[in-house]
Each structure stands twice: as structure tokens, then as C-alpha cells.
Amino acid sequence: MASPEPSAAGTPPAPSVNVSVDAPQDLAVILINLGTPDSTAIPDVRNFLEEMLSDPHIIDLPSALWHPILHGVLLKTRPKKTAEKYATIWTPEGSPLKVHTARMAARLSEAIETSAHADHRIAVEFAMRYGQPSIPSVLEKLKNAGVSRVVLFPLYPHDSSTATASAINAAFAWEKTTVGAPELSTVGSFGDDPGYIAALAALVRRFWSAHGVPEERPRLLMSFHGIPRRRIERGDPYESECLRTAELLRDALNLCSEEAPVGFQSRFGYCKWLEPSTEATIASLAKKGVKRLDVLCPGFVADCLETLNEIAIRGKKVFLDSGGVEFNCLPCLNEDPAWIEAMARIALRTEDRGQSAR
């Protein structure tokens, strides 16, 4: 059985990228995702990479050391290679990450309208930490529409200084320089949220129901985005939160650690990153005689370059080249109804509790 095609073909048409605010609102929710280039053109990819790799949350080296490397080497060589990767996953609607994030915002708006909070006037928007629409531009739009309170919902299940903190700090940096800014609250990490875990488990069960489970023991590799090991040594909770998600998902699916191992992907640079490596694990399993491997990426709620290219294309090649026979990259939660319901509960719970910014 072939891996799912890395495209949005066959999915419902994407809604407008804005769930627009056309009347004064009491409250708004902003879904924040990592970001994407505007297109696969090399200049757009270069701009995206420059913004992301200039963020000290991502690269925590002294600027005097990092900037010459970034501008003198990486931005001259990496954009072309990255653009080629984006070209393998780009859809007629655009970047999968942006398309799915826009759809999530639209579905979340619908879910909130039918919830017990329907008497509230709640807008739902989305923003990108890098690229467009930017976090400051969306906050400015909501401020101008009269929104008084905003729930920031970073779409990262696991808290990390490299992602969650960067998104939240960008929002509060805008607030500090803006007169009349709305009150901001934040959704914390949700990697152990029962609704999130249940949605992931149901996704896996549906896939197995449609495509079968190997007659031998199943192999479901759970791949999370990696971060440098030094971040963990400094107190970042990311690794422990990922492992907690893996444990809960194994319990929900009645799998053991051998049947559902963990890997960390997307290594960048030469420092020591979280291990085991996803790519090394894929190769190792094939060499040990595993004929079919299913891979789930619980840390990504929307399909993106890391899932559709790095896993579905690159990971598949590594598995087959290492002796494996069948490789499947399961889709992310995307607009899964159970996930949308969980999002609504998480966002509204945050609002009800008046959770303060970190």
C-alpha cells in the first residue's frame, strides 16, 4: 500500500484564509502556527528562512557568531534546496500548513458558535510566527475591530522555548508597544489533553480499519520535532511532554513501547539533538526485519513540510532502501472533527479561567 499522497487533493475547498471580524467582538481566539513561505519561489523561501533563523528562540548563538553564518552561507545555499522540498508538497490552494490552519480556524469558529458560549461574540483568526499573516498584523486587526480580549492558541502540543515561547513573546512584544491593546491570555501546552489524545487515537484506529493492521505486531513510530539537547538541560519541558503524549497514546491504543517507539526529527546544525533520531529509527526497524511501518507525527497538528516531505517522502525512501516493504505516513489531525471539538474546549476553558500570560 502506498503512502498517502502529499497533497490536499480530495479534501474540501479551503475557506477564506480570514475568519473576519465584521462587528465589535468581546473575545477573539488566534490560532498560531509556525509559518510558511508565500510561495515556492526562491526569494520567498529565502525571506521565510531569514525571518525564522534570525529568531534567537530558534538559534541561541551570539549574533556576532551566527549572523555571518546565516547571511554568508546558509541564505546563499539553503533557500534553493528548501524551495525544491516545498515544491514537492505545494497544493493548488497553497502551502498545506496554511491551508489546514485556515480550515481549522473556520471549523473552530463554527464549533464555538454552536457551543454553550454562543451568546459571546467570539472571532477566530489565525496567524503565523514567521510569514503571513503575522502575529502583530492579526492583533492589530482585532484591536481595530474593538476586541477587548484575545486568547493566544499556539498550535504546539508540547511547550518549548523554540516554538511556544517565541509565539507568545511576539504577541506580548506587540502589546507592550500598542496603546489600547486587548487583554491577552494564553493556551498552555496540551499534549496530555484527553480530547487531543482521543482524537489521535481515533485517527490511528480509522487508518488501521481502512488499511489493516499487520498480521505480526504493529509498528507505529511516533515522530516528534527535535530540539537541541542543551535546551532540555536548561530546563525546557519539551522532551518530557512529548514522552508523556507517547505514553498516553500507547495506553489508548493498547500498544507497548516496542510496538510504538518514539523518534525525533528535523535536526538542524551540528550540536547534539534529542534522540533517538527518527530517520535512524526508520532505517533500524527495516534492517531488523520490520516489513511495514506506520508513522504518526503527534507534535504537528497540521500537515506541513516536516510531515509531507521529511516523513512521507524522505522517510519512505529510507525505509524501503533499508529493506522495508510498506511505509505509511498517517495524516495529521488537520480539520478532524474530534480535534476541532477538543480545540474549542481548550480555548474556551482558557477564557473561562482567565489564564494569564506567561
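Structure notes:
- Any hit, region 144-159, residues being assigned to a helix (DSSP H, G or I) and either assigned by TED's automatic domain parsing to the domain that holds Arg292 or touching a Ser or Thr at 6+ places or on another chain (Cβ under 8 Å) (or both): no
- Criterion: surrounded by fewer than 17 Cβ atoms within 10 Å (Cβ to Cβ) and assigned to a loop (DSSP other than H, G, I, E, B) - qualifying residue of Gly191, Gly180: Gly180
- Evaluation of Val213 against (1) at pLDDT below 95; (2) closer than 15 Å to Phe300 by Cα (one fails), failing number: (2)
- Annotation: Leu248 fulfils all but one of (1) without any contact (Cβ under 8 Å) to a residue 60 or more places away in the chain; (2) surrounded by fewer than 20 Cβ atoms within 10 Å (Cβ to Cβ); the unmet one is (2).
- The single condition among (1) in contact with an Asp or Glu (Cβ under 6 Å, 6 or more places away or on another chain); (2) surrounded by fewer than 20 Cβ atoms within 10 Å (Cβ to Cβ) that Arg206 does not meet is (1).
- Criterion (in a loop (DSSP other than H, G, I, E, B), surrounded by fewer than 20 Cβ atoms within 10 Å (Cβ to Cβ) and at pLDDT 95 or above) met by exactly one of Cys271, Cys256: Cys256
- Any hit, region 80-98, residues being within 22 Å of Glu140 (Cα to Cα), assigned by TED's automatic domain parsing to the domain that holds Lys141 and either part of a helix (DSSP H, G or I) or at pLDDT 95 or above (or both): yes
- Considering (1) closer than 30 Å to Arg107 by Cβ; (2) among the small types (Gly, Ala, Ser); (3) out of contact with any His (no Cβ under 8 Å at 6 or more places or on another chain), the lone condition that Ser266 does not fulfil carries the number (3).
- Taking the criterion of being in a helix (DSSP H, G or I) and under 20 Å from Asn33 (Cα atoms), the residues of region 52-79 that qualify are Met52, Leu53.
- For the residues Ser148, Ser166, the requirement of being closer than 19 Å to Lys98 by Cβ and not aromatic (Phe, Trp, Tyr) singles out Ser166.
- For region 23-51, a tally of residues being out of contact with any Ser or Thr (no Cβ under 8 Å at 6 or more places or on another chain) and not in a loop (DSSP other than H, G, I, E, B) returns 13.
- Exactly one residue among Ala199, Ala283 is part of a helix (DSSP H, G or I), more than 18 Å from the chain's Cα centre (by Cα), of a type in the set (A, V, I, L, M, F, W, C) and in the same structural domain as Asp303 (by TED's automatic domain parsing), and that residue is Ala283.
The values are calculated or read from the model by the stated rules, or taken from the named source; none is laboratory data. Computed from a predicted model, the values in this text were never measured in an experiment. With ideal geometry, Cβ positions are generated from the backbone for all residues, glycine too; neighbour counts draw on all protein chains shown.
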